[in-house]
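The values are calculated or read from the model by the stated rules, or taken from the named source; none is laboratory data. Note that this is a predicted model, so its numbers are computed, not measured. As a convention, Cβ positions derive from the backbone with ideal geometry for all residues, glycine included, and neighbour counts pool all protein chains shown. Surface areas here come from the heavy atoms of the whole protein model, side chains and all, with no ligands, DNA or RNA. Shrake-Rupley method; radii C 1.70, N 1.55, O 1.52, S 1.80 Å.
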Amino acid sequence: MELVSREDPHLREVARFAVCCRALTLLLQASPALFNLLIPDHAADAFSPPRLPEPGAGDLLVERLLGGLSRWDAEHFLFIAQRGYLYEHNCAFLPLYPLSLRALAQGALWPLQQLLGLRSRLLLSAVLLNSLFSVLGAAALYRLGCAVLRCRRVAFLAALLFSLSPANVFMAAAYSESMFACLAFSAMWQLEKGQSWLSGLLFSLASGVRANGLINAGFFLYSHGKRFAFQLQVGSGSVRELPPLWKQLLSVAAPAVLACAGIFLPFALFQYYSYVRFCGPSPEQSVPQPLLQLALDKGYRLAATDGAKPPWCSQQFPVIYSYIQDVYWNVGFLRYFELRQIPNFLLALPVTLLGSWAAWTYMAANPRHCLTLGLERRRGEEEGKARAGFCCPAVFVYVVHATVLLVFGFLCMHVQVLTRFLGSSSPILYWFSAHLLHEHEPLLWSDDPSTAPPPGKPPLDKPPGSRGTCGNPVVRLLRGAASVTPLSKCVLGFFLSYWLLGLVLHCNFLPWT
């Protein structure tokens, strides 16, 4: 495995590029001449609570500069951070991200309270936190890639692509995607290093950010199941030294169960909190009249002020999250398969094709490994000869994870969210894109030793003046866009077009992924 040192120039370049991309994102969305004046805000039927109290001059300036990052679901996160879970449908958004915004707004940004209202400080907190999480997430993805792929050049390219993610606008806006990606990638990296307890803690925090963090329990189950399967396949000469089967099973199952319980705990606690708030005796609460009027106008349900309980309270398992997805947003199996949703399916088509292609490529390269679920112990010489890069054996569990997310999202969710769903949850989107560029783009083969050509590909002459320093292959591809292969143009075109179009449309309240 290639180790990553603190002085790794590739890691420094990943961080530098992430900072530059985030700064460019903020600059573009804050340019009214480019976006807000050219494309007027769309009158969307989305959650938009009244601003209370009336904004001051400082608040208007923040809204002018950063208002594009508070659209759509960002309104929910900012509202929750400001007023808590006042409306029932706010409970579709888990609490760790809005709590973090509130802590920063009331802590480090507290000195600005004379100039800015709480909501403006919350929006500023979202920009600062998401910028930090984006940089840390890119670094975590690079370290994870080095550990799993055993190929620094592909890991480096994938981490750079993460900063140009098609889900870029959601990484910058007041959404929880950046925080979730940072926690999830860091947890995966720690698990690869053998730091199970730290990995479990990070996965647990991730499940307090987004509900799909619960699926990450599969990484623990697979890791411990694989260890148990390998123990059963030891040579006959070692059998006498092994403990009884039940002890082996207990030693593997106990930590796996505890880790999974820790991952499910934040979600379960929040469901309990929601049950107590909306199904139990309602405490006296002072709700401003404009917010009460909004609830009447839109049909939003407040905590049971009139004694009436929501229907989900009487279910055998009163889970508010699934109820909101079903009733408020009509999320369910094949519910989105309607003719009028064809544009949204087209929006999700690139990431669907890329994810499907990644799964097919991996299965075609590793048929036996996939059939045995990666549970077959490899001989020493076979393990030493294992290929590096996207098709290496260690990628199997990540391909399964990404495929499960892809199939579930395509069949059961609003399909247009697939891009940000996969882009913030799985490294496969970036690993496979980097794999395609590395395998099929000759412009990268003339680079320094860190991006040497793949096996079987002829090296090209190095450009004059090349001294083997760490360069940025993404920048090189963009500068030579006219001469890159059609495949590279498609991959980069997908990343850049969604990066820019998402920024333009989302910041003007137009529908996007």
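Between region 401-449 and region 92-137, what's the alpha-carbon centroid distance in Å?
A separation of 29 Å, based on Cα centres.
Check which residues have an amide H placed less than 5 Å from H414's amide H, if you skip close sequence neighbours.
Answer set, sorted by chain and number: none.
With each pseudo-label sitting 7 Å past Cα toward Cβ, what's the L60-W246 distance in nm, one decimal?
Spacing of the two 7 Å Cα→Cβ label points: 7.6 nm.
Leaving ligands, DNA and RNA out of it, work out the accessible area of I80 with a 1.4 Å probe and give it in Å² to the nearest 10.
Accessible area of I80: about 10 Å².
From the phi angles alone, apply the Karplus equation (6.51, -1.76, 1.60; θ = phi - 60°) to region 80-97 and give each ³J(HN,Hα) in whole Hz, x where the residue is Gly or Pro.
With coefficients 6.51, -1.76 and 1.60, one gets 4, 4, 8, 10, x, 8, 7, 9, 4, 6, 5, 6, 6, 10, 6, x, 5, 5 Hz.
Please list R121, R64 in order of solvent-accessible area, largest first, computed with a 1.4 Å probe with all protein chains present.
R64, R121
How far apart, in nm, are the 7 Å Cα→Cβ label points at V257 and A103?
Taking the simple label geometry, V257 and A103 are separated by 3.1 nm.
For the full complex of protein chains and a 1.4 angstrom probe, list T419, T352 by accessible area with the highest value first.
From most accessible down to least: T352, T419.
With loop defined by DSSP as not H, G, I, E or B, and exposure as at most 12 other Cβ atoms within 10 Å, which is the longest segment of the chain clear of exposed chymotrypsin sites (Phe, Trp or Tyr not before Pro)?
1-332
In sequence order, what are the phi-derived ³J(HN,Hα) couplings for region 64-79 according to the Karplus relation 6.51 cos²θ - 1.76 cosθ + 1.60 with θ = phi - 60°, rounded to whole Hz, with x for glycine and proline?
5, 7, 10, x, x, 8, 10, 8, 6, 5, 4, 4, 5, 4, 5, 5
Report the net charge of residues surrounding L109, where surrounding means a beta-carbon distance below 11 angstrom and charges are Lys +1, Arg +1, Asp -1, Glu -1.
+2
Rounded to two decimals, what ratio of Rg to Rh does region 97-147 give with C-alpha atoms and a Kirkwood Rh?
1.18
Which percent of the accessible area of region 88-208 is formed by carbon and sulfur heavy atoms (probe 1.4 angstrom)?
Its accessible area is 66 percent carbon and sulfur atoms.
Using the charge dipole of the chain (Lys, Arg: +1 at Cβ; Asp, Glu: -1 at Cβ; taken about the Cα centre), state which of L232, L205, G389 has its Cα farthest towards the positive end.
Looking along the dipole axis, the top candidate is L232.
Residue-wise, which Karplus ³J(HN,Hα) couplings in Hz belong to region 123-139, taking 6.51 cos²θ - 1.76 cosθ + 1.60, θ = phi - 60°, and x for glycine or proline?
Going residue by residue, I get 5, 5, 4, 4, 5, 5, 5, 5, 5, 5, 5, 5, 5, 5, x, 5, 5 Hz, with x marking Gly and Pro.
Extension gain A482-L27, at 0.36 nm per residue separation less the Cα-Cα distance, in nm?
In short, 161.1 nm is gained.
W110 to R51: FRET efficiency via 1/(1 + (r/R0)^6), r the Cβ-Cβ distance, R0 25 Å, to the nearest 0.05?
Using R0 = 25 Å, I get an efficiency of 0.75.
I'd like the Kirkwood hydrodynamic radius of region 311-350, using the inverse of the mean 1/r over distinct C-alpha pairs, in Å.
12.0
Using unit Cβ charges (K, R positive; D, E negative) and no other charged atoms, how large, in debye to the nearest 20, is the dipole of the chain about its Cα centre?
940
Determine how large the accessible area of L221 is when every protein chain is in place; take a 1.4 Å probe and give Å² rounded to the nearest 10.
100
Give, as a single signed number, the net charge of other residues whose beta carbon lies under 14 Å from the beta carbon of S176, with Lys and Arg counted +1 and Asp and Glu -1.
My count for the surroundings of S176 gives 0.
Quickly work out the R378-to-L269 label distance, labels modelled 7 Å from Cα along the C-beta direction, and quote it in nm with one decimal.
4.0
Have a look at P166, S196, L94 and report the one farthest towards the positive end of the charge dipole of region 77-234, computed about the Cα centre with Cβ charges (Lys/Arg +1, Asp/Glu -1).
It is S196, whose Cα lies furthest towards the positive end.
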